[in-house]
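Written below as structure tokens is the structure these notes are about.
The values are calculated or read from the model by the stated rules, or taken from the named source; none is laboratory data. What you see is a predicted model; the values in this text were computed from it and never measured. As a convention, Cβ positions derive from the backbone with ideal geometry for all residues, glycine included, and neighbour counts pool all protein chains shown. To get the accessible areas, we keep the full protein, side chains included, count just its heavy atoms, and leave off ligands, DNA and RNA. Shrake-Rupley method; radii C 1.70, N 1.55, O 1.52, S 1.80 Å.
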Amino acid sequence: NGVTYRYEIREVNTNSDDYIQTSMTSTTNKTNLINTVVADKIVANKEWVDVPDNVVKTDVNVALYKYSYFLDSEYPLERKDIDINKLELVENVPIKTLNTSTNWECDWDRLPAYENDGRKIVYLAYEVELNSDGTIKNIGW
């Protein structure tokens, strides 16, 4: 009849707390929807220890890093045991600023719990010093 039809595929009911849609690819005869399990909310807070009340506390910048490992391998049980050279900055996640107005706390949520290759992700927040352009200058390991 000469009429062109356009079909669209959408995943519905994706408001799950357990997963996020991470990609959708289509070819002529096939559409792939990929969902990724999400981790719990990651919370970071700054605790000022033994700082006198009259000392002005300045803003603190916090960046999110990840450590990925295979579940069948040995995971370091304590943060001090993680090899900092294997940490990766989490891309496309904002650096957060902690101060009195945020009650020295921030969080990130809806992050993938696993890498595409099946490795489990552990997230770690670290204080960072920023350059004037917003890039990371120093990391407070």
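Does the stretch 82-111 hold any residues that are at pLDDT 85 or above, assigned to a loop (DSSP other than H, G, I, E, B), open to solvent by 40 Å² or more (accessible area, probe 1.4 Å) and farther than 13 Å from L64 by Cβ, and which are they?
N103
Name the single residue, out of those in the stretch 112-141 being closer than 22 Å to W48 by Cα and in a loop (DSSP other than H, G, I, E, B), that is least open to solvent (accessible area, probe 1.4 Å).
G140
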